[in-house]
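Notes follow once the structure below has been shown.
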Amino acid sequence: MDYALTAVLLGLLLLVAARFERFATRIEQGMATVNDGDSITLGSERIRMRGIDAPEYMQTCRKDGADYPCGKLARQSLVRLIAGRPVSCSGWQRDRYRRLLGDCKAGD
């Protein structure tokens, strides 16, 4: 009975530790590579910015009956916003593609 209780307690401790790791906030900073209008890469960490939903890079949109490259324009806009400044992101959740969902800022 003592071995069974010990095994159960150890299992519970492992589950609690795994949950704490999931909620640990990660902070990444450095020079960003812009992937598309709502995601960047800092070092080896892929980050999707929380609260932004931009078109995918190769996506086209239609306005006044004409197609235009809205995905490429969204990426260009984010490149201009960052403008070569260091980026800092923090977050703890991950999306279905295992990207960190982050709150980011460029420079100050």
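Reported count of residues in the range 82-92, each being within 13 Å of the chain's Cα centre (by Cα) and either surrounded by fewer than 14 Cβ atoms within 10 Å (Cβ to Cβ) or acidic (D, E) (or both), is 1. Residues being part of a helix (DSSP H, G or I), modelled with pLDDT of 95 or more and of a type in the set (A, V, I, L, M) are entirely absent from the range 1-23.
Scanning the range 35-73 for residues that are touching a helix residue (DSSP H, G or I) at 6+ places or on another chain (Cβ under 6 Å) and surrounded by 14 or more Cβ atoms within 10 Å (Cβ to Cβ) gives D36, G37, A54, P55, E56, Y57, Q59. Please go through the range 91-102 and pick out each residue that is within 16 Å of N35 (Cα to Cα) and either among the charged types (D, E, K, R) or part of a strand (DSSP E or B) (or both). Result: D95, R98, R99, L100, L101, G102. Looking at G84, is it closer than 21 Å to G107 by Cα and without any contact (Cβ under 8 Å) to a residue 24 or more places away in the chain? The answer is no for G84. Scanning the range 38-56 for residues that are touching a strand residue (DSSP E or B) at 6+ places or on another chain (Cβ under 7 Å), within 20 Å of G84 (Cα to Cα) and part of a loop (DSSP other than H, G, I, E, B) yields D38, G43.
The values are calculated or read from the model by the stated rules, or taken from the named source; none is laboratory data. Predicted model only: the values in this text are computed from it and were never measured. No Cβ is skipped: glycine too gets one built from the backbone with ideal geometry, and neighbour counts run over all protein chains shown.
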